[in-house]
Amino acid sequence: MGLSPAQVTKYCRFGFVVLENFAEASACDRLRERAEEMVSAFDPAVVSVFSTQEQSHLRDDYFLGSGDKIRFFFEEDAFLPDGKLKQTKERSINKIGHALHELDPVFSEFSKTPALRQLVADLGIEDPLLVQSMYIFKQPKIGGEVTCHQDSAFLYTDPIDIAGLWFALEDATTENGCLWAIPGGQKEGLKSRWRRVSGGGMAFEVFDPTPFPEERLIPLEVSQGTLIVLHGLLPHKSLANRSPKSRHAYTLHAVGGNSRYPEDNWLQRPAEMPFRGFD
């Protein structure tokens, strides 16, 4: 189940490749069931809101300390003015992250397969390490927009050597917030880096202030079980979900083990839990 030469060529040319029927429906449903179990058991003693609009988690220790944990983040529009949830907890979570693939057996089994190991090798990523995993709900009616970005801005490596693996656990359409990407946009270089700063918190280091050419974005509408492979420099986004349908997805990010992963990247691991590969 590795990539064909034609698929590798598409990835190099466009910055992404769409692999239909990569995951079986039963495997997708099992991840959804497991995520629902985890949210049901979650006691929101700490409320952390995920937003790419306001970057409200810039100094959020709960977020910045989640590289070696499983933590829960709410939708920005999940709350009433008095701070209470508009609807149930299960319909208010934005995502779960960021070490699902390490700490949960169900997600680990899905993430560490020979097929994925071969796929990453076919991309030319040597000695790959899995650095991040996220379960994204894209909730009905309140699913937030994810603004146009490059994954390498947040998970920077030197040299750039990263791929995002985005699994559609439900059908993703323009109605419920599918991905949009700029074909070939990875060739235009890294625009910024999101770095830890002295004194705490985060800040963007900007290399190119010109906006992304969003007029070139195209929708990537896919069915359940599809895997979209994204180059780390590819600009992509997703719009808000105002439909009655959710758009669950699971993502992994793999980086080359021989590349440098800086200490000022936001996502870090303690020495006793280093990044690992597909073992």
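Please name all residue pairs, on different chains or six or more residues apart, with Cβ atoms under 7 Å, provided the first residue is in the range 203-218 and is closer than 12 Å to S192 by Cβ and the second residue is at pLDDT below 95 and not in a strand (DSSP E or B). These pairs meet every condition: A203/V197. All conditions in (1) of a type in the set (K, R); (2) touching a residue at least 60 places away in the same chain (Cβ under 8 Å); (3) touching a strand residue (DSSP E or B) at 6+ places or on another chain (Cβ under 8 Å) hold for K191, with the sole exception of (2).
Here L217 clears all of (1) buried (at least 17 other Cβ atoms within 10 Å of the Cβ); (2) closer than 21 Å to D158 by Cα; (3) of a type outside the set (S, T, N, Q) except the condition numbered (2).
Scanning the range 170-180 for residues that are of a type in the set (A, V, I, L, M, F, W, C) and either part of a loop (DSSP other than H, G, I, E, B) or surrounded by fewer than 24 Cβ atoms within 10 Å (Cβ to Cβ) (or both) yields a count of 2. If you filter the range 243-262 down to residues that are over 25 Å from F110 (Cβ atoms) and out of contact with any strand residue (DSSP E or B) (no Cβ under 8 Å at 6 or more places or on another chain), you find that the one that is surrounded by the fewest Cβ atoms within 10 Å (Cβ to Cβ) is P244. Looking only at the range 7-18, which residues are exposed (fewer than 15 other Cβ atoms within 10 Å of the Cβ) and farther than 15 Å from A121 by Cα? The one that is exposed (fewer than 15 other Cβ atoms within 10 Å of the Cβ) and farther than 15 Å from A121 by Cα: R13.
Summed over the range 236-266, residues that are polar (S, T, N, Q), more than 18 Å from L31 (Cα to Cα) and under 14 Å from the mean Cα position of the chain (by Cα) total 1. Among the residues of the range 245-258, the one identified as over 23 Å from A115 (Cα atoms) and either touching a Ser or Thr at 6+ places or on another chain (Cβ under 7 Å) or among the small types (G, A, S) (or both) is S246.
Pairs linking a residue in the range 51-77 that is surrounded by 17 or more Cβ atoms within 10 Å (Cβ to Cβ) to a residue that is modelled with pLDDT of 85 or more and among the hydroxyl-bearing types (S, T, Y), with Cβ atoms under 6 Å and 6 or more positions apart or on different chains, are F74/S92; E75/S92.
The values are calculated or read from the model by the stated rules, or taken from the named source; none is laboratory data. What you are looking at is a predicted structure, and each value in this text was computed from that prediction instead of being measured. A quick note on method: Cβ atoms are made from the backbone with ideal geometry, for glycine too, and the neighbour counts reach across all protein chains shown.
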